[in-house]
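The values are calculated or read from the model by the stated rules, or taken from the named source; none is laboratory data. Computed from a prediction, not measured in an experiment: that's the story for all the values here. Note that each Cβ is placed from the backbone with ideal geometry, even for glycine, and that neighbours are counted across all protein chains shown. Heads up: the accessible areas ignore ligands, DNA and RNA and are worked out on the full protein's heavy atoms, side chains in. Shrake-Rupley method; radii C 1.70, N 1.55, O 1.52, S 1.80 Å.
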Amino acid sequence: YSFTPARRTVSVVKDVADADFVARAESGPSLPFLALPLGGQASPAVMWQTLRDTDDGGLVDAWFDHDAPDYAKNDAVLLWDGRQRREVLYNDVLGCYERRCYDGHDGIDFPYRDPNPATPNVFEPVAIHPAAAGKVAATVSNCAAGDRWCNGGYGNEVIVDHGNGYFTRYAHLAYLGAQPGAQPPRIGAQVEVADTLGVMGSTGNSFGTHLHFAVHRDDGNGRWDGDMRDQPVDPFGWSGAQPDPWAQTTDGVASPWLWLHHPNVEAFLFGSQGATLRDLTGAIRVDIPANALDGTLRLELAPGAPAGPADGAQRSLGRAFALRVLDWYTSDSVVDAVSADAPAPAFNLDEAALAWPATLSIDYGDMDTRHLDMTQAMLRRWDGATQRWLPLPTVIDPATQRALAAFNQLGSFDLQAPLLCPADELEPDDGYFAAAYVARGDTPQRRLLDLADDEDWLRFDAAAGESVAVRVGNVAEGVRLSVAIYGLDGLTRLAAKSGGVGEAVDLLWTPLDEGMYFVRVAPAAGSVTGCEANYTLALE
């Protein structure tokens, strides 16, 4: 049997005793086997940095939804950390909440990243590789760009059978093989992680060039029967405190951790000696002094704190983590807390108090701080009683790009800072994958360009042969704008126009095909930027 979360064993402390659990008979525990499908074996640190949200400096812009990964909408997104996002809807088409996408998704998405930033605006193919060795179980290679519902919306794809009860899916490919016209991988062919399955694209029901990567559990017959029979699972597993709702459904299956490297770090703490924990990336360090916690216990540092969203204009720098007790072997205080005479636990182990303050340091980089005011950055701890992030006295060292603080309670922590320009609430939206939706006739959006390399992206629907006018007006003094329209892949520029300093820009364009398109607004040469560098945008 396996338990959810997996760290809970048969020996439990009082706060999780008498809890119901669901057991499923299986052939044995699943062994992690997945590498990155974007090519090559990565170190644990690089792999974990990549497997973060794009807002956190990673390469994932859509996650597996445990509420029901069948594309049904229930106005919420439930990630593997167990926290349901249902506030602040910012993408009504896909159903993205609290800057996490998207409602009903059955896999994870990796958006296009330019492999050669030295040649901007030049699309360079991104090869897709098997996440592990296996045999090709199925392929689709006849989907043309713009045929939205080809292959049920998945477009060109390859399915790989790994022979361990799991299939992996690589969808929305531009074409199969290493180059256009190449023979697609044949059914039954053995593939290795160095092989090229295809090239990242935007075929099928895709909004912007990306890889849809999904993992499916074999229904037991050893062959690919489609996603209705071989059900999707989350390769990140499930670490919520509550049972995984997808695993409890009639058709759903349990999601184990399947990536080769696990980001959680454990350490034994002998109270008289203290302990130091570091995360895989080396960005987070926790020093617990001697005698801060009594007895012998096992601690876990787990990236991605399953706590609430940042308050107000605060943004996370992508360094959230939880520091919690896994097992407390000997401790007079715990014995008292779980004694038979106690009507309820005396304290919450996940927020256990320290007798002496511990210290925390978090390193950050330039990409982490885009659009943020680091002069007001603060380390915060999630308070379970008030359901709020509480600030910790924090020292920010801009020279070393390090934040330092002391704390006296375990729990969830995050480094947060407000926007440079609080009026620019849609930041960060520096790519097509973060584009907000705008419709014809909507009230003009008020936007601004806070940085010299800032980009504002929006998306809109258009009909074939029906002209669209992108009107950018009320341009602030000293601001010079470049406006461009991009195709469904988010990479192909279809029309562009620049204005003079302080001048409005009207870009009139007629699409040849019906579909979704993108608008990119950026500062042109000679433009000023900052919180006063504002403009309005409307579609007619």
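Looking at this structure, is Ala214 surrounded by 24 or more Cβ atoms within 10 Å (Cβ to Cβ) and either in contact with a Pro (Cβ under 7 Å, 6 or more places away or on another chain) or outside any strand (DSSP E or B) (or both)?
So Ala214 passes the test.
How about region 53-78: which of its residues are open to solvent by 30 Å² or more (accessible area, probe 1.4 Å), farther than 18 Å from His212 by Cβ, out of contact with any helix residue (DSSP H, G or I) (no Cβ under 9 Å at 6 or more places or on another chain) and not charged (D, E, K, R)?
Scanning region 53-78 gives a single hit, Asn74.
Taking the stated definitions as given, is Leu293 part of a strand (DSSP E or B), buried (at least 17 other Cβ atoms within 10 Å of the Cβ) and not polar (S, T, N, Q)? Talk me through it step by step, then tell me what you get.
Numbers: part of a strand (DSSP E or B): no; buried (at least 17 other Cβ atoms within 10 Å of the Cβ): yes; not polar (S, T, N, Q): yes.
Here the answer is no, as Leu293 does not meet what is asked.
In region 98-134, what count of residues is obtained for those that are touching a strand residue (DSSP E or B) at 6+ places or on another chain (Cβ under 9 Å), farther than 30 Å from Ala189 by Cβ and open to solvent by 20 Å² or more (accessible area, probe 1.4 Å)?
Total satisfying the criteria: 5.
Kindly provide the set of residues from region 125-166 that are among the hydroxyl-bearing types (Ser, Thr, Tyr) and not in a strand (DSSP E or B), ordered by number.
Ser141, Tyr154, listed by residue number.
List the residue pairs whose Cβ atoms are under 7 Å apart, where the first residue sits in region 368-379 and is more than 16 Å from Cys531 (Cβ to Cβ) and open to solvent by less than 30 Å² (accessible area, probe 1.4 Å), the second is small (Gly, Ala, Ser) and assigned to a strand (DSSP E or B), and the two are 6 or more positions apart or on different chains.
Once the first residue is more than 16 Å from Cys531 (Cβ to Cβ) and open to solvent by less than 30 Å² (accessible area, probe 1.4 Å) and sits in region 368-379, its partners that are small (Gly, Ala, Ser) and assigned to a strand (DSSP E or B) give Ala377/Ala403; Ala377/Ala417; Leu379/Ala403; Leu379/Ala405.
If I filter region 492-504 for residues that are open to solvent by 20 Å² or more (accessible area, probe 1.4 Å), part of a strand (DSSP E or B) and among the hydroxyl-bearing types (Ser, Thr, Tyr), do I get at least one hit?
Within region 492-504 (the criterion being open to solvent by 20 Å² or more (accessible area, probe 1.4 Å), part of a strand (DSSP E or B) and among the hydroxyl-bearing types (Ser, Thr, Tyr)), the answer is yes, since at least one residue qualifies.
Does region 514-528 include one or more residues that are over 25 Å from Leu419 (Cα atoms), open to solvent by 40 Å² or more (accessible area, probe 1.4 Å), out of contact with any helix residue (DSSP H, G or I) (no Cβ under 6 Å at 6 or more places or on another chain) and not in a loop (DSSP other than H, G, I, E, B)?
No, region 514-528 has no match at all.
Kindly establish whether Tyr175 is crowded, with 17+ Cβ neighbours inside 10 Å and within 23 Å of Ala68 (Cβ to Cβ).
No, not satisfied.
Assess whether Asp67 counts as being in a loop (DSSP other than H, G, I, E, B), under 14 Å from the mean Cα position of the chain (by Cα), modelled with pLDDT of 90 or more and under 19 Å from Pro245 (Cα atoms). Walk me through how you get there before you give the answer.
Details: in a loop (DSSP other than H, G, I, E, B): yes; under 14 Å from the mean Cα position of the chain (by Cα): no; modelled with pLDDT of 90 or more: yes; under 19 Å from Pro245 (Cα atoms): yes.
Answer is no for this residue.
For region 9-28, check the following and say yes or no: at least one residue is outside any helix (DSSP H, G or I), touching a helix residue (DSSP H, G or I) at 6+ places or on another chain (Cβ under 8 Å) and at pLDDT 80 or above.
no
Check Asp161 against each of (1) in contact with a Phe, Trp or Tyr (Cβ under 9 Å, 6 or more places away or on another chain); (2) open to solvent by 30 Å² or more (accessible area, probe 1.4 Å); (3) over 21 Å from Arg229 (Cβ atoms) and name the one condition it does not meet.
(3) is the only condition that Asp161 fails.
The conditions are (1) at negative phi; (2) in contact with a Phe, Trp or Tyr (Cβ under 8 Å, 6 or more places away or on another chain); (3) modelled with pLDDT under 95, and Gly411 fails exactly one of them. Which is it?
(1)
Select from region 478-488 the residues that are open to solvent by 40 Å² or more (accessible area, probe 1.4 Å) and either touching a helix residue (DSSP H, G or I) at 6+ places or on another chain (Cβ under 9 Å) or at pLDDT 95 or above (or both) and list them in ascending order. Talk me through it step by step, then tell me what you get.
If we filter region 478-488 for residues that are open to solvent by 40 Å² or more (accessible area, probe 1.4 Å), which is where we start, we get 480, 488.
Within region 478-488, Arg480 is the sole residue that qualifies.
Examine region 320-336 for a residue that is modelled with pLDDT of 85 or more, under 29 Å from Asp397 (Cβ atoms) and either in a loop (DSSP other than H, G, I, E, B) or open to solvent by 50 Å² or more (accessible area, probe 1.4 Å) (or both), and state whether such a residue exists.
yes
Quick one: count up the residues across region 180-211 that are open to solvent by less than 60 Å² (accessible area, probe 1.4 Å), hydrophobic (A, V, I, L, M, F, W, C) and touching a residue at least 60 places away in the same chain (Cβ under 8 Å).
So the answer is 7.
If a residue must be touching a strand residue (DSSP E or B) at 6+ places or on another chain (Cβ under 8 Å), free of Cβ contacts under 8 Å to residues at least 40 places away in the same chain and either within 27 Å of Ala133 (Cβ to Cβ) or surrounded by fewer than 17 Cβ atoms within 10 Å (Cβ to Cβ) (or both), how many such residues does region 254-289 contain?
7
Going by what's in this entry, would Leu426 be described as closer than 30 Å to Arg493 by Cβ and modelled with pLDDT of 95 or more?
no
From the list Asp350, Asp363, Asp383, pick out the single residue that is out of contact with any helix residue (DSSP H, G or I) (no Cβ under 6 Å at 6 or more places or on another chain), open to solvent by 30 Å² or more (accessible area, probe 1.4 Å) and either more than 30 Å from Cys531 (Cβ to Cβ) or modelled with pLDDT under 90 (or both).
Answer to the check: Asp350.
Find the residue count for region 37-46, including only residues that are in contact (Cβ under 8 Å) with a residue 40 or more places away in the chain and either of a type in the set (Val, Ile, Thr) or surrounded by 19 or more Cβ atoms within 10 Å (Cβ to Cβ) (or both).
Qualifying residue count, region 37-46: 2.
For residues that are among the hydrophobic types (A, V, I, L, M, F, W, C) and under 16 Å from the mean Cα position of the chain (by Cα), scanning just region 79-88, find the one that is least open to solvent (accessible area, probe 1.4 Å). Spell out the reasoning first.
Of all residues in region 79-88, those among the hydrophobic types (A, V, I, L, M, F, W, C) come to 79-80, 88.
Among the residues that remain, those that are also under 16 Å from the mean Cα position of the chain (by Cα) are: 79-80.
On the way: Leu79: 9, Trp80: 35 Å².
Ranking the qualifying residues of region 79-88, first place goes to Leu79.
Kindly list, by first and then second residue, each pair from a residue in region 96-112 that is under 9 Å from Arg85 (Cβ atoms) and in contact (Cβ under 8 Å) with a residue 12 or more places away in the chain to a residue that is of a type in the set (Asp, Glu) and buried (at least 22 other Cβ atoms within 10 Å of the Cβ), limited to pairs with Cβ atoms under 9 Å and residues at least 6 apart or on different chains.
Qualifying pairs under 9 Å: Cys96/Asp103; Tyr97/Asp103.
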